[in-house]
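Enquirer: Have a look at the structure that comes next, please.
The values are calculated or read from the model by the stated rules, or taken from the named source; none is laboratory data. Computed from a predicted model, the values in this text were never measured in an experiment. Using ideal geometry, Cβ is built from the backbone for each residue, glycine included, and neighbour counts are taken over all protein chains shown.
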Ligand code: FES
Ligand code: MG
């Protein structure tokens, strides 16, 4: 081991390297001594600090986030690549957010995680960062935090689990949970079958293997240029993912030399690619919220309306649950994101720049598809053009609401029915199993106070379980309306993200049981048939409900500052970016 300290000239060379980290490690006197000396307790030779790019590996690994459990191991492969390319890796943890267990909802922690990453990146001597994420909220949180600091950044997601296997067939995370629990409530299967299925679904490392929010955000972020091409769909346990991690480590070092930062990649074209790819994947409605939030971090104009307008000529081409039949394993083996991008052709901006330093079109040129059942050609789509997310407006949702057409029932897309209204999710769930509940299949179920401020965190509950007596009668879908989100793995004729939410005084707060609601998806409208004067008089009587747990701490900060669904549920003061500059240093 070399014990030689750098001489003055060498120090000046480091300081003059232009690397951000050199402002720490290349400093003279007491300052430089402190920065280097303590870090050397990690066993690093002094040439570690001699002008090498310092790369952070942000790791959302946590034993509480089962979908990201393998990211510690994946980080080792990233480190190999970084060392190999001449960089110095430092892995660090952040807040994580495990979708299946965080209460009241993992969404409440997305912005906290983004803020944690942002502050950690800015405060430390880092020249670039590799982001290791996977479970639903962890990917957008990291993209948002990294975008606000704008150091060279590359994402690598953890990859989907292997297919669930149950009694000879495939089961998909999330989607099959809803199906099993509905079948159980309808008396079609017994409790032991459900318990058995529990052990068969998440049978490997990785994130959900349906086209839920995790797979959606993984694929979409690749098509937006932030992941290595052709990697997002590789299963978590596939050794090619470890190879991709190694290559990501090499690439980030080059990106630092090229000064290739998120602001150069996350352009309007990248967002348009993300929006259109999401439609073609039959992706999650959560992507709407995450991309709106991310766009505001980087100053790209993106509106809710774009998610409707930009996808009208995009068919659903991935035959994946919940919109279709297959799971991510088949998608990967069928050609994955590379084959999918080639299939989309000019529906994507092929000249958009990516983290490779080359364009999307160059990255995927010549990619093949090996199973046209899973990745359909443009002339034989899973769902035709116009099946993507539709954005509805009307007197019930003045700033918009969304419906995922590909997961809805065609016969319910134009529907007029009596509203049955609940002020809280708990009150609805208490009534849903009651055989005396006055409900018919033509009714419209409305649950409110499940929005960003109202719950808080806008939980994934919009796909309300159907009333038990209707389930037992064989009803499989009804129109449901709320200010909630729904899981990307869900399905049904579910109107979500009503803006403004009820807790913010939106008209959703004023609807009463017995009012008539009319939904017209082809005409993009959502109205309650109550005269404006009557709504106004109801408004005068309306008082916001108290939000449990909203008196202090993060939850209070969240409620006081969270934006509505049409702006991405970011905190108002986190929109935009501060860059990587640290305004002061204490030593
Ligand atoms: Fe983590 Fe689905 S619950 S990805
Ligand atoms: Mg989810």
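Enquirer: Considering only the range 105-141, how many residues are over 21 Å from residue 355 (Cα atoms), more than 12 Å from ligand 1 (Cβ to nearest atom) and touching a helix residue (DSSP H, G or I) at 6+ places or on another chain (Cβ under 9 Å)?
Expert: Result for the range 105-141: 13.
Enquirer: Return yes or no: is residue 287 assigned to a helix (DSSP H, G or I), touching a residue at least 12 places away in the same chain (Cβ under 8 Å), touching a strand residue (DSSP E or B) at 6+ places or on another chain (Cβ under 9 Å) and within 24 Å of residue 524 (Cβ to Cβ)?
Expert: Considered against the rule, which asks whether it is assigned to a helix (DSSP H, G or I), touching a residue at least 12 places away in the same chain (Cβ under 8 Å), touching a strand residue (DSSP E or B) at 6+ places or on another chain (Cβ under 9 Å) and within 24 Å of residue 524 (Cβ to Cβ), residue 287 comes out as yes.
Enquirer: Is at least one residue of the range 457-464 crowded, with 24+ Cβ neighbours inside 10 Å, within 16 Å of residue 569 (Cα to Cα) and touching a strand residue (DSSP E or B) at 6+ places or on another chain (Cβ under 6 Å)?
Expert: Yes, that holds for at least one residue.
Enquirer: Report yes if some residue within the range 403-419 is in contact with a helix residue (DSSP H, G or I) (Cβ under 9 Å, 6 or more places away or on another chain), surrounded by fewer than 19 Cβ atoms within 10 Å (Cβ to Cβ) and assigned by TED's automatic domain parsing to the domain that holds residue 464; otherwise report no.
Expert: Yes, that holds for at least one residue.
Enquirer: Quick check on this structure: which one of 254, 222, 198 is buried (at least 24 other Cβ atoms within 10 Å of the Cβ), in a helix (DSSP H, G or I) and away from ligand 2 (no atom under 16 Å from the Cβ)?
Expert: Criteria check complete, one pass: 222.
Enquirer: Continuing with the same structure: When the range 88-114 is examined, which residues are found to be buried (at least 21 other Cβ atoms within 10 Å of the Cβ) and assigned to a helix (DSSP H, G or I)?
Expert: Of everything in the range 88-114, those that are buried (at least 21 other Cβ atoms within 10 Å of the Cβ) and assigned to a helix (DSSP H, G or I) turn out to be 107, 108, 109, 110, 111, 113, 114.
Enquirer: Please verify whether residue 356 is surrounded by 21 or more Cβ atoms within 10 Å (Cβ to Cβ), more than 24 Å from residue 485 (Cα to Cα), modelled with pLDDT of 95 or more and touching a helix residue (DSSP H, G or I) at 6+ places or on another chain (Cβ under 9 Å), treating the condition exactly as stated.
Expert: So residue 356 does not fit the description; no.
Per-residue answers, yes or no, for (1) part of a loop (DSSP other than H, G, I, E, B); (2) farther than 29 Å from residue 163 by Cα:
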residue	(1), (2)
338	no, no
341	no, no
349	yes, yes
357	yes, yes
372	yes, no
381	yes, no
393	no, yes
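Enquirer: I've got another one for you. So how many residues does the range 363-402 have that are exposed (fewer than 15 other Cβ atoms within 10 Å of the Cβ) and in contact with a strand residue (DSSP E or B) (Cβ under 6 Å, 6 or more places away or on another chain)?
Expert: The total comes to 0.
Enquirer: For the range 167-174, indicate whether the set of residues that are surrounded by fewer than 22 Cβ atoms within 10 Å (Cβ to Cβ), away from ligand 1 (no atom under 11 Å from the Cβ) and part of a strand (DSSP E or B) is non-empty.
Expert: Yes: one or more hits.
Enquirer: Here's something else I'd like to know. Select from the range 468-516 the residues that are part of a helix (DSSP H, G or I) and either within 16 Å of ligand 2 (Cβ to nearest atom) or within 28 Å of residue 534 (Cα to Cα) (or both) and list them in ascending order.
Expert: 502, 503, 504, 507, 508, 509, 510, listed by residue number.
Enquirer: Within the range 202-219, restricting attention to residues that are closer than 21 Å to residue 294 by Cα and assigned to a loop (DSSP other than H, G, I, E, B), which residue is nearest to ligand 1 (Cβ to nearest atom)?
Expert: The selected residue is 212.
Enquirer: For the range 51-85: of the residues being out of contact with any helix residue (DSSP H, G or I) (no Cβ under 6 Å at 6 or more places or on another chain) and assigned to a loop (DSSP other than H, G, I, E, B), which is farthest from ligand 2 (Cβ to nearest atom)?
Expert: Among residues in the range 51-85 that are out of contact with any helix residue (DSSP H, G or I) (no Cβ under 6 Å at 6 or more places or on another chain) and assigned to a loop (DSSP other than H, G, I, E, B), the one farthest from ligand 2 (Cβ to nearest atom) is 52.
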